[in-house]
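All remarks here apply to the structure that follows.
The values are calculated or read from the model by the stated rules, or taken from the named source; none is laboratory data. None of the values given here were measured: they were computed from a predicted structure. Cβ placement follows ideal geometry from the backbone for every residue including glycine, while neighbour counts extend to all protein chains displayed. Quick note on the areas: whole protein, heavy atoms, side chains included, nothing else; ligands and nucleic acids left out. Shrake-Rupley method; radii C 1.70, N 1.55, O 1.52, S 1.80 Å.
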Amino acid sequence: MKFLDQAKIYVASGKGGKGCVSFRREKYIEYGGPNGGNGGSGGNVVFTTDPNLNTLIDFRYHQHFKAKKGEDGKGKNQTGADGQDLVIKVPPGTEIYDEDKKVLLADLTTKDQKTILAYGGKGGLGNSHFKSSTNQAPRKFTNGE
């Protein structure tokens, strides 16, 4: 069995979903108004310790990790689903550094310890968020971050 005590990996959090531009449309309602929903948040990258692991050999062939993106908003004021968090298991005693190996980002020492290394993006706003008494039919939305 090989023993690997250092690994270089790349992580990315999920992007937030876009907001939606939609208008309510029913047969006998003359002026429906905006009903575009907001986008969902992106997934976080979470590191957790697993006492059953004792080496970083899992990172030898799989170095790139990316959390799921949040879904876009929909009509009828439906908010998009949040992106799923990405959980990366490491052995206890793992230290996580930045790319230059100068700044210690996390020190995972105890059993089942969790830390969020990259937070997911915020979802965008739909056009129902921008309605007001002076702008009753906004055609404006924002993208996710």
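For Thr79, the test of being crowded, with 17+ Cβ neighbours inside 10 Å, β-branched (Val, Ile, Thr) and within 30 Å of Arg24 (Cα to Cα) is passed.
Which residue pairs have Cβ atoms closer than 7 Å, lie 6 or more positions apart in sequence or on different chains, and pair a first residue in segment 115-139 that is within 15 Å of Gly19 (Cβ to Cβ) with a second residue that is of a type in the set (Phe, Trp, Tyr)? Between residues of segment 115-139 that are within 15 Å of Gly19 (Cβ to Cβ) and residues that are of a type in the set (Phe, Trp, Tyr), the close pairs are Gly124/Phe141; Leu125/Phe141; Gly126/Phe141; Asn127/Phe141; Pro138/Phe130. Of all residues in segment 68-75, one or more are in contact with a strand residue (DSSP E or B) (Cβ under 8 Å, 6 or more places away or on another chain) and under 30 Å from Gln113 (Cβ atoms).
May I ask you to verify whether Lys101 is open to solvent by 100 Å² or more (accessible area, probe 1.4 Å), part of a loop (DSSP other than H, G, I, E, B) and under 30 Å from Gly33 (Cβ atoms)? Answer is no for this residue. If the condition is being under 13 Å from Gly144 (Cβ atoms) and touching a Cys at 6+ places or on another chain (Cβ under 9 Å), then segment 1-52 contributes Gly37, Asn38, Gly39. Tell me, which residue of segment 1-49 that is touching a helix residue (DSSP H, G or I) at 6+ places or on another chain (Cβ under 7 Å) and farther than 19 Å from Gly75 by Cβ is most open to solvent (accessible area, probe 1.4 Å)? Top of the filtered list is Lys2.
Restricting the first member to segment 98-110 and to residues that are closer than 22 Å to Leu53 by Cα, and the second to residues that are among the aliphatic types (A, V, I, L, M) and open to solvent by less than 100 Å² (accessible area, probe 1.4 Å), the beta-carbon pairs closer than 7 Å and six or more apart or on different chains are Leu105/Ile96; Leu105/Leu117; Ala106/Ile96; Ala106/Leu117; Leu108/Val90.
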